[in-house]
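Inspection log for the structure reproduced underneath, given as C-alpha cells.
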Ligand code: MCA
Ligand code: AMP
C-alpha cells in the first residue's frame, strides 16, 4: 500500500474512531484533519517542521496528529500529564515550531514565546475530502522515552517504520477492517498511538478508545451494542491484572472479557498467573507481543496459534532477530535455556535519537542491528521468552518505561537528599513499583513527605516513587559503585 491510511485517501461514512461517547466516521475524520492542515498552513508549518501535540484523549488530538502527517510535519508527542521538568526538557530538545492542544482539555503551562495552537475540531460542518499520506522515509513521530541514565531521548519514527510494522502485525493477527480495537492506552506511545490508532486506520477498521481505564469502562466498551464486526483488546499487563481481579467477582466483566476475538498484551511481560486467570475466565487466553519504542513490534504470537504463556512468539515477518553475548556475538542456541541479549534488524527500526548521534550509535550498529537490552531465550521453533533486562536502571511500571537516573537526578535536587538509588520492586499489579532508597544529609528529619512532594511537582505521576525508604548507606562494591541488585528482594 503506497498510502499510509488508504481509507483517509478515499473516505466513507464507516466508523473510524470512537472516544468514550463521541464517534467519527472516516468522512468526519478527513474533514477535521483538513481543518488542522489549514491551521498549519496559516502558521507557516512546512514539511519536516516539528509540531508538538498534547495528546489528550480526544478526537481533535487524532485530527491534529493526522493533519501533521498530511502536511509532512513531525509530531512530537506530549503527554498532558508531563511534569515541568520533563516538559521543558522535551520542548528544548525537540524545539517544535508550534504546539497543539485541544482547547477542551487542560494542559501544563508551556514556556512563554512558544506558539500554542488551541483548537477543537469536533462538530465542524465541513465536507469530507481526501487526505493522502504517502509511505516514505520521512519522519512521522518523535516519541520521548527513558534510558538508563539522563533525560528521556526523542525516538524518531518514520512513516515507513510504521507502515511495515503494521502490515506485519495485521498479517500475524489476521487484523482487518472488520475489527474494532478497544483500548485505554495513552495516545502518546507506540502501544496506544501507533498500534491502536494508526493500526486501526491502516487496516480500515476502527479504534474505540476509553479515556480512563477501569474494568467497568472497558466492559462497557467491549460490549458496545452499536458495534458490528469483531473486537480486539489491546492492554498492558497491569490492565489484564485489574480486569482479572474484577472479572472474578463480577460476571458482567467476565462476559465482556470473553467478547474479543483476540486479547493482546504487551509493553511488559504478562505473568503466568495472569495468563492462567484470564484463560480460566474467558476460556481462551492472551496473545503476547514484544517490542520497543525504537523498534516497534518485533515478535508476536499469531492469532491462528494458541496463546503461549511465558513466550512472546517468533519474530514478525521482515524482522531478523539474534540473541547475542556481551561482546555482541551471535549465540546460535535455541535450547530455551541459553540466555542472550535480543538484537533485531528490520525496516521498523527507528531513524535514531533526535540530536543524539552517540546515543544512537551505542544501540544501533553499522549493519542495522539494534541492541534492545532485553535478555531472552529461544526455542527450536524460534519462540522468544523475555527474562528481564540487562540493566536494573530501566524500570517498567504499569507498562511505562522509566529510567532510574531521571528520578534520582530529580530527588538529588532536594536539599535533604545526600544519595539516592531508585529501583523497580516486583509488584503484582504494576509489574514493578518505583522505590527510592535515600541517604539523608546530616540533621535532616526522616520525613518522606518533602521528597515525595518535590517529585510530584517535577515528574509525571507514573515516574514518581511509590515509596521512599531511608537507609544509612547504599550498598556499594569495592569500586564504590552502587549495587542495586542488593536492594531488591532475593529471587
Ligand atoms: C499514580 N498514583 C500515585 C502514583 N502514581 N499515587 C501516589 N504515588 C504515585 N507515584 C495515583 C494515580 O494518580 C491514581 O489516582 C491512582 O494512584 C491509581 O494509579 P495507578 O495505580 O498508577 O493506576 P492508574 O493511574 O490507573 O494507571 C495504571 C494504568 C497506567 C492505567 C495501567 O499505568 C497506564 O495507562 N499504562 C499504560 C502504559 C503504556 O501505554 N505503555 C506503552 C509504552 P487517581 O485515581 O486519583 O487519579 S510501551 C510501548 O509503546 C512499546 C512499544 C510496547 O511494547 O507497547
Ligand atoms: P518501551 O520502549 O516503553 O516500549 O519499552 C520497551 C520495553 O518493554 C522492552 O525493551 C521490554 O523490556 C518491554 N516489553 C515490551 N513488551 C514486552 C513483553 N511482551 N514481554 C516482556 N517485556 C516486554
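Descriptive notes on the structure:
- Residue satisfying condition, being under 23 Å from residue 168 (Cα atoms) and away from ligand 2 (no atom under 16 Å from the Cβ), within set 247, 206: 206
- Residues satisfying the stated conditions in segment 67-85, i.e. more than 16 Å from residue 54 (Cβ to Cβ) and without any contact (Cβ under 8 Å) to a residue 60 or more places away in the chain: 71
Rundown of residues vs (1) within 12 Å of ligand 1 (Cβ to nearest atom); (2) out of contact with any helix residue (DSSP H, G or I) (no Cβ under 8 Å at 6 or more places or on another chain); (3) free of Cβ contacts under 8 Å to residues at least 60 places away in the same chain; (4) in a loop (DSSP other than H, G, I, E, B), yes/no style:
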{"residue": "436", "(1), (2), (3), (4)": "yes, no, yes, no"}
{"residue": "446", "(1), (2), (3), (4)": "no, yes, yes, yes"}
{"residue": "453", "(1), (2), (3), (4)": "yes, yes, yes, no"}
{"residue": "465", "(1), (2), (3), (4)": "yes, no, yes, yes"}
{"residue": "472", "(1), (2), (3), (4)": "no, yes, yes, yes"}
{"residue": "480", "(1), (2), (3), (4)": "no, yes, yes, yes"}
{"residue": "490", "(1), (2), (3), (4)": "no, yes, yes, yes"}
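- Conditions (1) closer than 30 Å to residue 147 by Cα; (2) touching a residue at least 40 places away in the same chain (Cβ under 8 Å); (3) assigned to a helix (DSSP H, G or I): number failed by residue 36: (1)
- Selection from segment 260-304 of residues that are touching a strand residue (DSSP E or B) at 6+ places or on another chain (Cβ under 9 Å), over 18 Å from residue 231 (Cα atoms) and away from ligand 1 (no atom under 16 Å from the Cβ): 275
- Restricted to segment 429-456, and to residues there that are more than 16 Å from ligand 2 (Cβ to nearest atom) and under 23 Å from the mean Cα position of the chain (by Cα), the residue that is surrounded by the most Cβ atoms within 10 Å (Cβ to Cβ) is 455.
Residue by residue, here is whether (1) over 25 Å from residue 31 (Cβ atoms); (2) at pLDDT 95 or above holds:
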site: 63; (1), (2): no, yes
site: 70; (1), (2): no, yes
site: 76; (1), (2): no, yes
site: 113; (1), (2): yes, no
site: 121; (1), (2): no, yes
site: 126; (1), (2): no, no
site: 142; (1), (2): yes, yes
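- Residue 399, sole failed condition from (1) away from ligand 1 (no atom under 12 Å from the Cβ); (2) at positive phi; (3) out of contact with any strand residue (DSSP E or B) (no Cβ under 6 Å at 6 or more places or on another chain): (1)
- Evaluation of residue 142 against (1) over 17 Å from residue 194 (Cβ atoms); (2) touching a residue at least 40 places away in the same chain (Cβ under 8 Å); (3) in contact with a helix residue (DSSP H, G or I) (Cβ under 6 Å, 6 or more places away or on another chain) (one fails), failing number: (1)
- Test: residue in segment 236-258 that is touching a strand residue (DSSP E or B) at 6+ places or on another chain (Cβ under 7 Å), under 19 Å from residue 18 (Cβ atoms) and at pLDDT 95 or above: no
- Qualifying positions in segment 309-336 - within 11 Å of ligand 2 (Cβ to nearest atom) and over 21 Å from the mean Cα position of the chain (by Cα): none
Here's the yes/no breakdown for (1) in contact with a strand residue (DSSP E or B) (Cβ under 6 Å, 6 or more places away or on another chain); (2) in a helix (DSSP H, G or I); (3) modelled with pLDDT under 95; (4) within 14 Å of ligand 2 (Cβ to nearest atom):
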{"position": "170", "(1), (2), (3), (4)": "no, yes, no, no"}
{"position": "186", "(1), (2), (3), (4)": "no, no, no, yes"}
{"position": "191", "(1), (2), (3), (4)": "no, yes, no, yes"}
{"position": "212", "(1), (2), (3), (4)": "no, no, no, no"}
{"position": "221", "(1), (2), (3), (4)": "yes, yes, no, no"}
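- Given (1) surrounded by 16 or more Cβ atoms within 10 Å (Cβ to Cβ); (2) touching a strand residue (DSSP E or B) at 6+ places or on another chain (Cβ under 8 Å); (3) at pLDDT 95 or above, number of the condition residue 426 does not satisfy: (1)
- Matching entry among 347, 380 (being modelled with pLDDT of 95 or more, within 30 Å of residue 274 (Cα to Cα), away from ligand 2 (no atom under 12 Å from the Cβ) and surrounded by fewer than 19 Cβ atoms within 10 Å (Cβ to Cβ)): 380
The values are calculated or read from the model by the stated rules, or taken from the named source; none is laboratory data. Only a predicted model underlies this, so the values are computations on that prediction, with no experimental measurement involved. Quick reminder, even Gly has a Cβ in these numbers, built from the backbone with ideal geometry, and neighbours come from all protein chains shown.
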